[in-house]
1. Could you give the length gained on full extension between residue 158 and residue 84, defined as 0.36 nm per residue of separation minus the Cα-Cα distance, in nm?
2. What is the Cα radius of gyration of region 148-223 over 2.2 N^0.38 Å, N being its residue count?
3. Computed FRET efficiency, Cβ-Cβ of residue 138 and residue 114, R0 51 Å: what is it to the nearest 0.05?
4. If you line up the Cα atoms of region 181-240 on their principal axes, what length do they span on each, largest first, in Å?
5. What are the extents of the Cα atoms of region 97-137 along their three principal axes, in Å, largest first?
6. Could you list, bin by bin from short to long, the percent of Cα-Cα pairs of region 43-239 in 10 Å steps?
7. Determine Rg/Rh for region 132-184; Rg is computed over alpha-carbon atoms and Rh is the Kirkwood hydrodynamic estimate from the same atoms.
8. Give me the number: length gained by fully extending residue 124 to residue 193, i.e. 0.36 nm times residue separation minus the C-alpha to C-alpha distance, one decimal in nm.
């Protein structure tokens with residue numbers, strides 16, 4: 001493994017020896033359109049890549065998860081920001097922006113990652129942060145709220161609608177594409193004691209960090225920050 005289990009408190013994030021970071025992909029916050037994913041790889045193969053970074057922070061019993069950092073730009077940064085604001089736990093898996101290896105969440109086996117196993121054992125409730133791009137027009141740039149726990153899904157969707165009334169929020173599973181619903185029992189978001197919620201975010205609410213500094217992203221930064229604060233509030237509520 002290229003990460004280490006982080007200690008609770010202090011500056012708990014750890015990273016692989018390379019320390020490489022990523023750039024965003026497309027749209028106003030994504031830059032030029034990028035190619036589709038490269039050849040499929042297994043979770044074990046992805047973890048073995050020397051420039052793939054696992055980071056974990058064990059804080060409260062609520063947590064944020066981002067399995068496709070770098071590949072889905074802004075997702076790891078958003079998960080970290082919400083976790084930091086809430087005092088919540090966080091696990092991110094980040095790859096260089098030129099790698100483009102997609103491992104479906106349900107194939108991300110915690111048994112292969114000491115860091116992911118520790119995170120899932122520590123938290124009771126998790127929010128898994130993902131991003132979509134190629135279907136954004138057809139989906140109306142909506143925030144898609146999925147996961148197997150319908151009670152949590154409804155509660156987070158209601159909070160997001162109140163915080164972001166100008167953004168469509170969809171939590172009806174039948175209105176979400178099957179591959180974006182996050183309902184597979186092997187998906188890590190569904191493997192905690194208290195359940196989880198999977199978010200699929202359009203580019204317009206992922207303008208964070210250096211991804212929010214791209215030309216044309218200015219109008220999206222405030223909306224993204226509102227999303228971070230709403231997620232942090234939800235995490236504090238779940239941890240109480």
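What follows draws every value from the coordinates through simple rules; no lab data is involved. What you are looking at is a predicted structure, and each value in this text was computed from that prediction instead of being measured. Every residue, glycine as well, gets a Cβ built from its backbone with ideal geometry; the counts of neighbours run over all protein chains shown.
1. Details: separation 74, 0.36 × 74 = 26.64 nm, distance 2.23 nm.
Extending this stretch completely gives an extra 24.4 nm.
2. Details: Rg = 14.3 Å, N = 76, 2.2 N^0.38 = 11.4 Å.
Rg over 2.2 N^0.38 Å, computed on Cα atoms: 1.26.
3. On the way: r = 39 Å, r/R0 = 0.77.
Efficiency, rounded to the nearest 0.05: 0.85.
4. 41, 27, 16
5. 37, 23, 18
6. Calculated over all Cα pairs of region 43-239, the distribution is 10, 40, 39, 11, 0 percent.
7. Working: Rg = 10.8 Å, Rh = 11.4 Å.
Computed over Cα atoms, the ratio is 0.95.
8. On the way: separation 69, 0.36 × 69 = 24.84 nm, distance 0.51 nm.
Here the segment from residue 124 to residue 193 would lengthen by 24.3 nm.
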